[in-house]
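Asker: Before we start, here is the structure in question, set down as structure tokens.
The values are calculated or read from the model by the stated rules, or taken from the named source; none is laboratory data. Here the structure is a predicted model, which is why all the values come from computation and not from measurement. We place every Cβ from the backbone using ideal geometry, glycine too, and count neighbours over all the protein chains shown.
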Amino acid sequence: MTTDAVGNASNDVSNQLRRAFFQAREFNAKIYIHVVLDPNHPVAPFDSLHPDHLKERVPSVKSHRSMRTDFQHQPALCPIVVTLFSPGDRGYRDEELLQETADNAVSRCTSVNGSYVCGWIATTLSGEDFAKKIAMSTVITHPLSGRKVLPWFEPHRLALLVDRHPSFALSRLTNISSWWFVDMAKQLRVVSPPEGIRNDIVDPPRSLLPLSGRQISAVWDGQERIREGRLVGMAMRKAGLPLPAFPELAMDKAVGQAHECGLHGEQDVVFFAMNSLTLSKDWFQHPVVQAALETLAGSDDLTLADILAGQSDAVLDEIALYETTGSAPR
């Protein structure tokens, strides 16, 4: 995507956010608007959103660390809640800060290293209280493996959780009117909990209901495929291929399908997933591809791309259009 295209996308996101924030504030005068930054996926030291530069901004901004339990000895990696708007403010204290967060979110949305700007939140919680809430809500207890930390607030993770495990995601969004984030397709998405959840009291025993071992396993299986999903997105961008709608979910399905076919090497998984997103849904059922998958099962030296590269253009065309419900096109 060109620089102009990225600029247009970030301006679109910024304009959408301003309209949404205005509506949220009109609906509830007690609303705060925060943005969550994640130094665990850092920006360059010279970036205006770097924590060191945030402290130097004029006018000053209010920020609070959300102390993740797994980063207690590395507080510099913990998320930062920056308040953009407080009840009683007549406008944004720092107009440029809102635009800079939109620019960063759009430019980093397909980064294999993850997003620095995680999302914008309308909530009745102050920055300090919201930072505590995030830290508390990332802790998950598994009946077998004990406590784990799930940084659900990262855009890619949240997109998967909302689509795959909505009740789990919503249980993390108590006291939140809306949470906006930029997905891998540079689209602004919003999660708005139902009224009952939105007005819940921050009460860990009640708002964060325990999950069964099966539910925890299902949540973590999807989370562990995130890096491969990001690699697929980056590869598609480099190849000039458009990303599908709800890209995080589509890529996770494609990566999971690659695993089901016995592929686990990074190159094979990315190649398979890209084909699944751009060719016929049954492409891998073609006899030639099935034979290639069997060959790969007994070899550590070959890749799926290597094997298929030796096929004629006619066979590759068949594979691209293959459907199991009928004969392969000729």
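Asker: Within region 24-46, work out how many residues are touching a residue at least 12 places away in the same chain (Cβ under 8 Å) and assigned to a loop (DSSP other than H, G, I, E, B).
Answerer: 10
Asker: Among the residues of region 261-289, count how many are of a type in the set (Asp, Glu) and within 23 Å of the chain's Cα centre (by Cα).
Answerer: So the answer is 2.
Asker: What do you reckon, is residue 115 among the polar types (S, T, N, Q) and closer than 20 Å to residue 182 by Cα?
Answerer: yes
Listed here are the residues, each with its yes/no results for (1) in contact with a His (Cβ under 6 Å, 6 or more places away or on another chain); (2) more than 26 Å from residue 184 (Cβ to Cβ); (3) of a type in the set (A, V, I, L, M); (4) in the same structural domain as residue 155 (by TED's automatic domain parsing).
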| residue | (1), (2), (3), (4) |
| --- | --- |
| 10 | no, no, no, yes |
| 29 | no, yes, yes, yes |
| 33 | no, no, yes, yes |
| 77 | no, no, yes, yes |
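Asker: For region 212-225, check the following and say yes or no: at least one residue is aromatic (Phe, Trp, Tyr) and at pLDDT 95 or above.
Answerer: no
Asker: Moving to a separate point now. Of everything in region 68-104 that's within 15 Å of residue 18 (Cα to Cα) and under 18 Å from the mean Cα position of the chain (by Cα), which residue is surrounded by the fewest Cβ atoms within 10 Å (Cβ to Cβ)?
Answerer: First, pick out the residues of region 68-104 that are within 15 Å of residue 18 (Cα to Cα): 83-86, 89-103.
Those left that are additionally under 18 Å from the mean Cα position of the chain (by Cα): 101-103.
On the way: 101: 27, 102: 25, 103: 20.
Residue satisfying both the conditions and the ranking: 103.
Asker: For region 227-330, give me every one of the helices (runs of 4 or more DSSP H) that falls completely inside it and has 3 or more residues that are closer than 30 Å to residue 108 by Cβ and of a type in the set (A, V, I, L, M).
Answerer: Of the helices (runs of 4 or more DSSP H) lying wholly inside region 227-330, those with at least 3 residues that are closer than 30 Å to residue 108 by Cβ and of a type in the set (A, V, I, L, M) span 247-260, 266-278.
Asker: Moving on. Within the bounds of region 10-23, is there any residue that is surrounded by 19 or more Cβ atoms within 10 Å (Cβ to Cβ), within 17 Å of residue 127 (Cα to Cα), modelled with pLDDT of 95 or more and not small (Gly, Ala, Ser)?
Answerer: Checked against the condition, which is being surrounded by 19 or more Cβ atoms within 10 Å (Cβ to Cβ), within 17 Å of residue 127 (Cα to Cα), modelled with pLDDT of 95 or more and not small (Gly, Ala, Ser), region 10-23 yields at least one hit.
Asker: Assess whether residue 140 counts as being part of a strand (DSSP E or B), β-branched (Val, Ile, Thr), assigned by TED's automatic domain parsing to the domain that holds residue 36 and surrounded by 18 or more Cβ atoms within 10 Å (Cβ to Cβ).
Answerer: Details: part of a strand (DSSP E or B): yes; β-branched (Val, Ile, Thr): yes; assigned by TED's automatic domain parsing to the domain that holds residue 36: yes; surrounded by 18 or more Cβ atoms within 10 Å (Cβ to Cβ): yes.
Yes, satisfied.
Yes/no matrix, rows are residues, columns are (1) of a type outside the set (A, V, I, L, M); (2) outside the structural domain of residue 157 (by TED's automatic domain parsing); (3) within 30 Å of residue 188 (Cβ to Cβ):
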{"site": "250", "(1), (2), (3)": "no, yes, yes"}
{"site": "261", "(1), (2), (3)": "yes, yes, no"}
{"site": "277", "(1), (2), (3)": "no, yes, yes"}
{"site": "293", "(1), (2), (3)": "no, yes, no"}
{"site": "306", "(1), (2), (3)": "yes, yes, no"}
{"site": "312", "(1), (2), (3)": "yes, yes, no"}
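Asker: Further question on the same structure: Considering only residues that are of a type in the set (Val, Ile, Thr) and buried (at least 17 other Cβ atoms within 10 Å of the Cβ), look in region 168-196 and name the one that is modelled with the lowest pLDDT. It would help to see each step written out before you state the result.
Answerer: So in region 168-196, the residues of a type in the set (Val, Ile, Thr) come out as 174, 176, 182, 190-191.
Then keep just the ones that are buried (at least 17 other Cβ atoms within 10 Å of the Cβ); that gives 174, 176, 182, 191.
On the way: 174: 89, 176: 95, 182: 98, 191: 95.
Taking the candidates together, the pick is 174.
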